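**Q** Please see the structure below; I have some questions.
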Amino acid sequence: MKTTLTLIFALGIPLLARDPLAQRIGHTDPSKYTRERSHASAGDMACETLLPGDALTTNLDFIHRCQIMPGGGVGHHFHNRCEEMFIIFDGEAEFTIDGRTSVLKGTVGAPCRMGHSHAIYNPSDHPVEFMNINVTAVKGKYDSFDLNDARTNVTDKDPVPVFMTMRLDKELLRTVANYHGGEGTVRYRRALDPTVFQTNWSYVDHLLLPPQTSEGVHRHPGIEEVYYVLNGEGRAQVDDETVEIRKGDAVPVLLNQAHSFTNTGSQDFELMIIGIASQKDVLETMLGTRRSGTE
């Protein structure tokens, strides 16, 4: 029995049956947003849980998809066993890390390591599209410590941020032919690598598939991923399941699942890929599907 369990964990085979892929995909749906205040913020956000922690077996805690209302945001707080990244997709917002504030324009994110304070505030008169990604050091263990500071009246802002940022800028992408054995030439960039994070959060990638191109079939024995559609529409294939997806969808991919993504539309199909490892610094990528009884 011990040998069997060891093999199951090594291969990343799920212990329990999973719902069909179509039911596990998160869909951005503003009609499901609920308004609330976060960590003693001055104003509201409207949010939904796009993917819960149990969408992956690795240490994802949640992905929230929201709008930051005018005068709203997330108040200044710490996590001592979580890492978090706030992302805005449009407009601009005031990001704070460790008490230093800068105005950033979307699409941009600011990763925050464990034990460092962070906040965000929307000073504009219109909502800002927002995502919050949280990864824990221990699966299912979330913590926070609020500073009761909404960061609404910061006058001393750094013109150049003194904290890490992530720009999802098409101009930064490089061309790659037959990516992971796929069709055509795509554009790709690793926006954040494992050195950014202290947890098993491994990377954030930015991938753009022009019409009639694809990312080829591949798998990660030690990494799970979430593919979030920034723009366009296409097809996700995970093992033997195929689902059509579009802007705002989030596709979870479990350990060792063979997966590929194809642009089926007439516009660019743009993706953000969140990678979370089963253990630190595991980065294997294997092309093709799993071969029975071998690696």
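**Q** With labels modelled as points extended 7 Å from the Cα through the Cβ direction, what inter-label distance (nm, one decimal) is found for Asp90 paired with Glu244?
**A** Between Asp90 and Glu244, the label points sit 2.4 nm apart.
**Q** For the chain, what Kirkwood radius comes out of the mean inverse Cα-Cα distance, in Å? Walk me through the numbers on the way to the answer.
**A** Working: mean 1/r = 0.0508 Å⁻¹.
Hydrodynamic radius (Kirkwood, Cα pairs) of the chain is 19.7 Å.
**Q** Let me check I have the definition right: for region 53-156, take the eigenvalues of the Cα gyration tensor, multiply each by 5, take square roots. What are those semi-axes in whole Å, largest first? Show your work: numbers first, answer last.
**A** On the way: eigenvalues 108, 50, 22 Å².
Whole-Å semi-axes of the equivalent ellipsoid: 23, 16, 10.
**Q** Shifting gears a bit: Sort 283-289, 161-167 for me by packing, meaning the mean count of neighbouring Cβ atoms within 10 Å per residue, highest on top. The partial results should precede the final answer.
**A** On the way: 283-289: 13.1, 161-167: 15.9.
Taking the mean over residues of other Cβ atoms within 10 Å, the ranking is 161-167, 283-289.
**Q** Moving on. Using 0.36 nm per residue of separation minus the Cα-Cα distance, give me the extension gain between Leu287 and Glu36 in nm, one decimal.
**A** Values: separation 251, 0.36 × 251 = 90.36 nm, distance 4.36 nm.
Stretched out fully, the Leu287 to Glu36 stretch lengthens by 86.0 nm.
**Q** Ok, one more. Using amide H atoms built 1.01 Å from N in the peptide plane, name the residues 5+ places from Leu192, or on other chains, whose amide H lies under 5 Å from its own.
**A** Val204
**Q** Kirkwood Rh, Cα Rg: Rg to Rh for region 214-295?
**A** On the way: Rg = 12.9 Å, Rh = 13.1 Å.
With Rh from the inverse mean 1/r over Cα pairs, Rg/Rh is 0.98.
**Q** Note down the relative contact order for the chain as a percent, whole number, built from C-alpha pairs under 8 angstrom at least six residues apart. Before the final figure, lay out the partial values.
**A** On the way: 837 pairs, mean separation 50.9, N = 295.
Computed value for the chain: 17 percent relative contact order.
**Q** Pairs Lys32/Lys247; Lys105/Lys247; Lys139/Lys280; Lys141/Lys247; Lys105/Lys157; Lys105/Lys170: which exceed 22 Å Cα-Cα?
**A** Values: Lys32/Lys247 16 Å; Lys105/Lys247 20 Å; Lys139/Lys280 14 Å; Lys141/Lys247 30 Å; Lys105/Lys157 14 Å; Lys105/Lys170 14 Å.
Where the Cα-Cα span goes over 22 Å, the pairs concerned are Lys141/Lys247.
**Q** Work out, in µm²/s and without decimals, the Stokes-Einstein translational diffusion coefficient of region 114-271 at 25 °C, 0.890 mPa s, Rh from Kirkwood over C-alpha pairs. List each step's numbers first, then the result.
**A** On the way: Rh = 18.1 Å.
Using the Kirkwood radius from Cα pairs, D works out to 136 µm²/s.
**Q** A further question follows. By per-residue mean of other Cβ atoms within 10 Å, what is the highest-first order of 270-276, 42-48, 144-150, 91-97?
**A** Working: 270-276: 23.0, 42-48: 18.9, 144-150: 14.6, 91-97: 21.3.
Descending mean neighbour count gives 270-276, 91-97, 42-48, 144-150.
**Q** Sticking with this structure for a sec: 7 Å from Cα along Cα→Cβ at both Met164 and Asp125: what's the point-to-point distance in nm?
**A** Taking the two extended label points, one gets 3.8 nm.
**Q** Which whole-number percent is the relative contact order of region 170-287 (Cα, under 8 Å, 6+ apart)?
**A** Working: 337 pairs, mean separation 37.2, N = 118.
Contact order relative to length: 32 percent.
**Q** Please give the charge dipole size of region 119-209, origin at the Cα centre, charges +1 on K and R Cβ atoms and -1 on D and E Cβ atoms. Round to the nearest 20 debye.
**A** Values: 10 positive and 12 negative charges, 78 e Å.
Value, rounded to 20: 380 debye.
**Q** Please list, in order along region 157-172, the HN-Hα scalar couplings obtained from phi with the Karplus expression 6.51 cos²θ - 1.76 cosθ + 1.60 (θ = phi - 60°), rounded to whole Hz, x for Gly and Pro.
**A** Once θ is set to phi - 60°, the couplings for region 157-172 become 9, 7, x, 10, x, 9, 9, 5, 9, 10, 9, 9, 10, 4, 5, 8 Hz.
Just so you know, all these numbers are worked out from the coordinates, no wet-lab data involved. Values in this document were obtained by computation on a predicted structure and should not be read as measured data. Here Cβ is always computed from backbone atoms with ideal geometry, including for glycine, and neighbour counts include all displayed protein chains.
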